Structures are given as structure tokens and as C-alpha cells.
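Colleague: Questions regarding the structure given below will be posed in turn.
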Amino acid sequence: MKLIVAIVQDQDAVSLIDDLTKGNHGVTKLASTGGFLKSGNTTLLIGVEEEEIDDVIDIIDRNCKTREITTSLLNVTIPGETYIPYPLEVKVGGATLFILDVEKHIKI
Ligand code: 2BA
């Protein structure tokens, strides 16, 4: 068994979870925060058998879009001046996936 950890954008999470559930894949949703943008994203835990992995990746691919986000995260300091927010274009990916081996899966 494998555990797919999928970090996706909040906007894509509802349709993705619906499609995973329709496809008979179990999924748990966690609210998470990206370290760079410090804004909310969604982390999904999806436990799958090896032969389901391609189907799950397909479903994620169909639901998750890459978006350009403009953020004023970075500040430029000019000597003698206050901080000036500096607009930064960031491409946020469709999804970031980690696929891990599961040693044991127990349901009680
Ligand atoms: P964030 O950390 O908020 O990053 C959002 C987007 O900002 C990233 O999109 C990337 O395009 C950009 N970015 C991140 N770090 C950067 C840096 N040091 N300089 C310039 N741009 C930077 P994605 O790569 O699609 O990542 C989306 C979210 O996936 C991330 O949100 C983070 O929550 C998660 N993530 C990505 N790579 C990860 C990793 N290796 N480990 C754990 N989580 C990861």
C-alpha cells in the first residue's frame, strides 16, 4: 500500500475530493499553509493500492490547475525609507505530490 500526500490549491480541493470519492478512493482533507506564500492550501492524504496510483494521479491532474498569483510578499528596503512592498509573480502548481510506502494499514 502507498500513501499519496497531495498539496493542492483550496479552489481545486472540492471538485478533486468529489472525483476521488466517486472513483472509490478514500481521502482525508487537511487544512495547510504554504511556507513561501504563507497562505492557505489543502493537503490530501490518499491511501491506495499500487495499481490505483495512476488513476489517482490522473484525477489530480484533471482537477488541479496551475495559477499565476501576484503577491506583495517581498519587501525592498531603500536606505532612509520605509519598507516598500514589492509585487512578485508566483506560479503556483497544480499539485505537489509525495508518494510514500505504507508499512502497515490497520483499521480498528
Ligand atoms: P508555498 O510554499 O506557499 O509556495 C507557493 C509557490 O511559491 C510555489 O508553488 C512556488 O511556485 C513558489 N515558491 C516556493 N518557494 C519559493 C522560493 N523560495 N522562491 C521563489 N518561489 C517560490 P508550488 O511549487 O506549486 O508549491 C505549492 C505548495 O506546495 C507550496 O506552497 C507548499 O505548501 C507545497 N510544497 C511545494 N514543495 C514542497 C516541498 N518540497 N515540501 C513540502 N511542501 C511543498
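The values are calculated or read from the model by the stated rules, or taken from the named source; none is laboratory data. The structure displayed is predicted, hence computed values, not measured ones. Glycine also receives a Cβ, built like all others from the backbone with ideal geometry; neighbour counts cover every protein chain displayed. Areas reflect the complete protein model, heavy atoms only, side chains present, ligands, DNA and RNA absent. Shrake-Rupley method; radii C 1.70, N 1.55, O 1.52, S 1.80 Å.
Colleague: Within the stretch 49-77, which residues are modelled with pLDDT of 85 or more, open to solvent by less than 90 Å² (accessible area, probe 1.4 Å) and either small (Gly, Ala, Ser) or under 18 Å from Ala13 (Cβ atoms) (or both)?
Modeller: Matches in the stretch 49-77: Val56, Ile57, Asp58, Ile59, Ile60, Asn63, Cys64, Thr66, Arg67, Ile69.
Colleague: Might you check whether a residue that is surrounded by fewer than 17 Cβ atoms within 10 Å (Cβ to Cβ) and in contact with a Leu (Cβ under 6 Å, 6 or more places away or on another chain) occurs anywhere in the stretch 10-28?
Modeller: Taking every residue of the stretch 10-28 in turn, at least one turns out to be surrounded by fewer than 17 Cβ atoms within 10 Å (Cβ to Cβ) and in contact with a Leu (Cβ under 6 Å, 6 or more places away or on another chain).
Colleague: Moving on. Find all pairs meeting these conditions: Cβ atoms under 9 angstrom apart; at least six residues apart or on different chains; first residue within the stretch 88-107 and over 23 Å from Ala13 (Cβ atoms); second residue away from the ligand (no atom under 16 Å from the Cβ).
Modeller: From the stretch 88-107, the pairs are Asp101/Met1; Asp101/Lys2; Glu103/Met1; Lys104/Met1; His105/Met1; His105/Gly47.
Colleague: A further question on this structure: Just to be sure, is Thr96 at pLDDT 95 or above, hydroxyl-bearing (Ser, Thr, Tyr) and within 15 Å of Ile17 (Cα to Cα)? Don't jump to the end; show me each part of the working.
Modeller: Working: at pLDDT 95 or above: yes; hydroxyl-bearing (Ser, Thr, Tyr): yes; within 15 Å of Ile17 (Cα to Cα): no.
Spelling it out, it is not the case that Thr96 is at pLDDT 95 or above, hydroxyl-bearing (Ser, Thr, Tyr) and within 15 Å of Ile17 (Cα to Cα).
Here's the yes/no breakdown for (1) within 27 Å of Asp101 (Cβ to Cβ); (2) in contact (Cβ under 8 Å) with a residue 40 or more places away in the chain; (3) part of a helix (DSSP H, G or I):
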site	(1), (2), (3)
Leu16	yes, yes, yes
Asp19	yes, yes, yes
Lys29	yes, no, no
Val56	yes, yes, yes
Thr70	no, no, no
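Colleague: Going by what's in this entry, would Asp10 be described as at pLDDT 95 or above, of a type in the set (D, E, K, R) and under 21 Å from Thr71 (Cα atoms)? So that I can check it myself, show each step before the final result.
Modeller: Numbers: at pLDDT 95 or above: yes; of a type in the set (D, E, K, R): yes; under 21 Å from Thr71 (Cα atoms): yes.
It is true that Asp10 is at pLDDT 95 or above, of a type in the set (D, E, K, R) and under 21 Å from Thr71 (Cα atoms).
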